[in-house]
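Asker: I am attaching a structure below and will ask some questions about it afterwards.
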Amino acid sequence: MELTLGLFPSRRDRAPAPSPIASDGDLRRAQHRAAATRAGIWASLAAGWLGLAGSLALPQIAQGAPVVQATAPPTIAPPTGYAEQFVDLWLRGTPEGQSSDALRAMAPTVDAPRPTGLARASVQKVVAVRSVPMGGRTWQVTVAATMVLPSAAQGDGDAQSSAQGSAQSPAQSSAQGGAGAQGRGAQPGVSAQPGELTVRYFAVPVQMVRSGSSAGAPDSLAVVAAPALVAAPPVLPGADPVQRAYSASISDGPIRQTVTDYLSAYLTGRGDSARYLSPGVRVPAPGSPYSKVTVETLSAAGAVPSAPVDGTVLEVQAEIRATDAVGEWPLTYPLRLQARAGRWEIAALAPATSSSSSSSSSAGVSSSPQPAPSTSNGVR
């Protein structure tokens, strides 16, 4: 027993364990670790708040306020083609037949003309010359109709021949009636005999109906009243600005000779018109439709130089008379001339402009596309 107690001393007899004593270096290291821990905690908290704020702000920045782009209203073209088609049918129409059905489809409330006798007007061409919006989705379109009207004598002759039909033999009446019906069927409303050429102007009210889903295009069109015969559009007083630009007359001389030779070769095909052009300029010739070309008047835009100084550019306009097998045709050609090597050359077929008139530099001279020559009396 004593031996056992000696081997295992009691708790009271044991010596207490020595308490650890921290050195100054350990304290400093512990303080540094505590400060680093606190800094990490605050940095984590700050990063969390910044992340939260960024997550709330980013969707607003990305989406932003909706940008509303103002779209221009669709451009509504006036119903000129519809008015042209209606006037053509109306002038040729009769109360019965296919033309009448087409008229009712375009103008349900408009009556068709009622021709008398066999003499009929011939419609050659219809063209819209003016369109004015009248409000309430209605346009007033003025249409010019070129027609051949039978003379009164021809109308009387047609009426007399119709009245005398009963005196003819049945075979002759049947043959002539069939031929007349065939002719009228091939060209309804067209007189087989020549008459007087005239142009009449008709004002046509056309209404357009559009829905919200039509993007501005008309859903339906209708002529709401019969055409009204109106006067021709007034002619502009005096010459237009382009005509007034050519104020200096050019008499005989190198300029007139160059223009005459060039237009003669250009329109008759006799000679090479390219030899009168400036280097690099290409003006395709229209062939040789005329046998003779005469320059009646030649005028310039600006002062006419007394001598062709190299680099000088001059705008001119030639009024000519071209002759073919049919007759004489008045034509007008605007030309741009350029001086080179002591002579005048054709630089372009182009109308005069205020910037190019009386120019003294050839830097801006270049070939231009060939315009359609203007004519008088609608002849080309």
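Just so you know, all these numbers are worked out from the coordinates, no wet-lab data involved. Just so we're clear, the structure is a prediction, and the values are computed from it rather than from any experiment. Quick reminder, even Gly has a Cβ in these numbers, built from the backbone with ideal geometry, and neighbours come from all protein chains shown.
Asker: What is region 88-142 by shape, rounded, prolate or oblate, if you read a ≥ b ≥ c off the alpha carbon gyration tensor as root eigenvalues and call it rounded for a/c under 1.5, prolate for a/b larger than b/c, and oblate otherwise?
Answerer: Since a/c reaches 1.5 but b/c is at least a/b, the shape of region 88-142 is classed as oblate.
Asker: Oh, and also: Please find the FRET efficiency linking ALA248 to ARG270, where r is the Cβ-Cβ separation and R0 is fixed at 45 Å, and quote it to the nearest 0.05.
Answerer: On the way: r = 30 Å, r/R0 = 0.66.
For ALA248 and ARG270, the calculated efficiency is 0.90.
Asker: At R0 = 45 Å, how high is the FRET efficiency between ALA225 and SER151 if r is their beta carbon distance? Nearest 0.05 is fine. It would help to have the intermediate numbers written out before the result.
Answerer: Working: r = 31 Å, r/R0 = 0.69.
It comes to 0.90.
Asker: Ordered by packing density, taken as the mean number of other Cβ atoms within 10 Å over each peptide's residues, highest first, how do 121-127, 84-90, 35-41 rank? Please report the intermediate quantities before stating the final value.
Answerer: On the way: 121-127: 17.0, 84-90: 21.6, 35-41: 10.0.
Packing order, densest peptide first, comes out as 84-90, 121-127, 35-41.
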